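Taking it in order: structure first as structure tokens, then the write-up.
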Amino acid sequence: MEIKVQKVNHSYSRQEELILEDINLKLESNKVTGIIGNNGSGKSTLLNLLACNILPNKGKVMFDATSYSRRCDYETIIKLKSNIGYLPQIIDEPVFTGVVRDEIIGQLREKNINITEDKIIDIFKQLGIDIKFLDEYYYLLSDGLKRQIMLASIFLNDPTIIILDEPSTYLDNSAKKNLINYLIKIKKLENKLIILASNDIDFINRISDKVIILKNKKVIKFENKNDLFKDVNFFVDNKLPIPQIVEFEFLAHSQKGVYLGYRDDINDLVKDILRNV
């Protein structure tokens, strides 16, 4: 699967100023693409376009050979959306109203997906969700657990394209780590195209292969993560947050003359430090 965004503009009405302008991107399977930018930069709007939730005012999005544009017909939209798992930033209505197990199985059956309870339990365990919550009412759970269960439901649908808006919101460090490990695994083994936006720059740094930076309605950077985060001054100049591990490496080099090299995993960084002691 490959997604090409070609000269896309978008605003929510003709009277409003453009939210996205002249967006051109190429996204590939077996990659996690992170999207960052200050509030109001258009991250959620871009994700909604890629999830086929809104139509571009101008330009088109190509899903392999299938074109998605202002003139896209309903049947094409439904077909595209059937291959996409989308997690919104804000949930306006309850996803589930009953017991978690029954709701997950029921929603999958509506899509003609037969799922075993063993598969549900396996996903729960990989995401670090206690299986006892299968027997709980969804609306009684904490915001973090609701978020995890929504993610589990998306993964059980087995979409080709996974689009997540602020997936780490409400998650503790253990839950974030489990989510990162799961996404990295399915990216490699199941040929997934994964796109996510987050204000959690440390999460983006840990999970992403490539990073898009949005500013003033446009893509100002789209690079491999390792290359992008080497330029700390760029993030400072554009008032963007810097991953803690990158900032530490930068300070170690600039103030102490110790070059640790780029790392996105704290355990790898500790090994580097010990080797330099």
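The values are calculated or read from the model by the stated rules, or taken from the named source; none is laboratory data. Just so you know, these numbers come straight off a predicted model, no measurement behind them. Cβ coordinates were reconstructed from backbone atoms using ideal geometry, including for glycine residues, and neighbour counts include every protein chain displayed.
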Quiz prompt | Qualifying residues in the range 90-105 (those that are aliphatic (A, V, I, L, M) and assigned to a helix (DSSP H, G or I)) - the one farthest from Leu156 (Cα to Cα) | solution = Val100
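Can you work out which of the residues in the range 61-71 that are in contact (Cβ under 8 Å) with a residue 12 or more places away in the chain and farther than 16 Å from Ile161 by Cβ is surrounded by the most Cβ atoms within 10 Å (Cβ to Cβ)? First the steps, then the outcome.
Here is the first cut: in the range 61-71, the residues in contact (Cβ under 8 Å) with a residue 12 or more places away in the chain are 61-64, 66, 68-70.
Subset that is farther than 16 Å from Ile161 by Cβ: 69-70.
Values: Ser69: 16, Arg70: 10.
Among those that are in contact (Cβ under 8 Å) with a residue 12 or more places away in the chain and farther than 16 Å from Ile161 by Cβ, it is Ser69.
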Practice problem: Output the residues belonging to the range 219-246 that are polar (S, T, N, Q) and in a loop (DSSP other than H, G, I, E, B). | Solution: Asn238
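Table: residues versus (1) farther than 29 Å from Ile3 by Cα; (2) without any contact (Cβ under 8 Å) to a residue 12 or more places away in the chain; (3) touching an Asp or Glu at 6+ places or on another chain (Cβ under 9 Å); (4) β-branched (Val, Ile, Thr).
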| position | (1), (2), (3), (4) |
| --- | --- |
| Val95 | no, no, yes, yes |
| Lys111 | no, no, no, no |
| Asp122 | yes, yes, no, no |
| Gln148 | no, no, no, no |
| Ile154 | no, no, no, yes |
| Leu164 | no, no, no, no |
| Asp172 | yes, no, no, no |
| Asn181 | no, no, no, no |
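Working carefully through the options Leu134, Leu108, find the one that is over 18 Å from the mean Cα position of the chain (by Cα), modelled with pLDDT under 95 and part of a helix (DSSP H, G or I). So that I can check it myself, show each step before the final result.
On the way: Leu134 fails: modelled with pLDDT under 95.
Sole residue among the options that is over 18 Å from the mean Cα position of the chain (by Cα), modelled with pLDDT under 95 and part of a helix (DSSP H, G or I): Leu108.
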Self-check item: Residue under evaluation Ile121, criteria (1) surrounded by fewer than 14 Cβ atoms within 10 Å (Cβ to Cβ); (2) β-branched (Val, Ile, Thr); (3) assigned to a helix (DSSP H, G or I), criterion not met
Solution: (1)
Quiz item: Any idea which of Lys125, Lys111 is of a type in the set (Lys, Arg) and within 23 Å of Leu179 (Cα to Cα)?
Solution: Lys125
Quiz item: List, please: which pairs have Cβ atoms under 6 Å, are six or more places apart or on different chains, and start with a residue in the range 1-15 that is of a type in the set (D, E, K, R) and end with one that is at pLDDT below 95 and in a strand (DSSP E or B)?
Solution: Glu2/Glu28
Self-check item: Hits in the range 153-189 - residues which are under 22 Å from Lys119 (Cα atoms) and not in a helix (DSSP H, G or I)
Solution: Asn157, Asp158, Pro159, Thr160, Ile161, Ile162, Ile163, Leu164, Pro167
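From Leu55, Leu47, which residue is in a helix (DSSP H, G or I) and either surrounded by 14 or more Cβ atoms within 10 Å (Cβ to Cβ) or free of Cβ contacts under 8 Å to residues at least 24 places away in the same chain (or both)? Give the derivation first.
Working: Leu55 fails: in a helix (DSSP H, G or I).
On inspection, the qualifying residue turns out to be Leu47.
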Exercise. Taking the options Ile207, Ile184, name whichever one is of a type in the set (Val, Ile, Thr), surrounded by fewer than 21 Cβ atoms within 10 Å (Cβ to Cβ) and within 28 Å of Leu156 (Cβ to Cβ).
Key: Ile184
Quiz prompt | Of the criteria (1) closer than 26 Å to Pro159 by Cα; (2) assigned to a loop (DSSP other than H, G, I, E, B); (3) in contact with a Lys or Arg (Cβ under 6 Å, 6 or more places away or on another chain), which one Leu18 fails | solution = (1)
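Say whether the condition of being in contact with a strand residue (DSSP E or B) (Cβ under 6 Å, 6 or more places away or on another chain) and farther than 25 Å from Ile19 by Cα is met by at least one residue in the range 202-211. Before you say what the answer is, go through the steps one by one.
In the first step, residues of the range 202-211 are kept if they are in contact with a strand residue (DSSP E or B) (Cβ under 6 Å, 6 or more places away or on another chain); the result is 204, 207-211.
If we keep only those that are farther than 25 Å from Ile19 by Cα too, we end up with 207, 209.
Yes, because at least one residue in the range 202-211 is in contact with a strand residue (DSSP E or B) (Cβ under 6 Å, 6 or more places away or on another chain) and farther than 25 Å from Ile19 by Cα.
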